[in-house]
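Asks: Got a structure for you, questions after.
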């Protein structure tokens, strides 16, 4: 991507952002937060979760 195209893209994004009302910006931010995957599975997959379940199961027995 050339420098001019990048600057044009950034300008368009800023203009779109500033055209939104404060309430719309807040809602957009909240939706982005809700869509994020939380926890260790985001970084390492399901393996740490499976191991923790296995360890808890063996400790209880």
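Every read-out reported here was derived from the displayed coordinates using simple, explicitly stated rules and does not represent laboratory data. Please read these numbers as outputs of a predicted model, since none were measured by experiment.
Asks: Report, in degrees rounded to the nearest 10, the 0 to 90 angle that the Cα long axis of helix 22-35 makes with the longest principal axis of the chain.
Replies: So the inclination is approximately 30 degrees.
Asks: Determine by what factor the alpha-carbon radius of gyration of segment 3-60 differs from 2.2 N^0.38 Å, reporting the quotient. Before the final figure, lay out each step's value.
Replies: On the way: Rg = 20.5 Å, N = 58, 2.2 N^0.38 = 10.3 Å.
So the Cα radius of gyration is 1.99 times the expected 2.2 N^0.38 Å.
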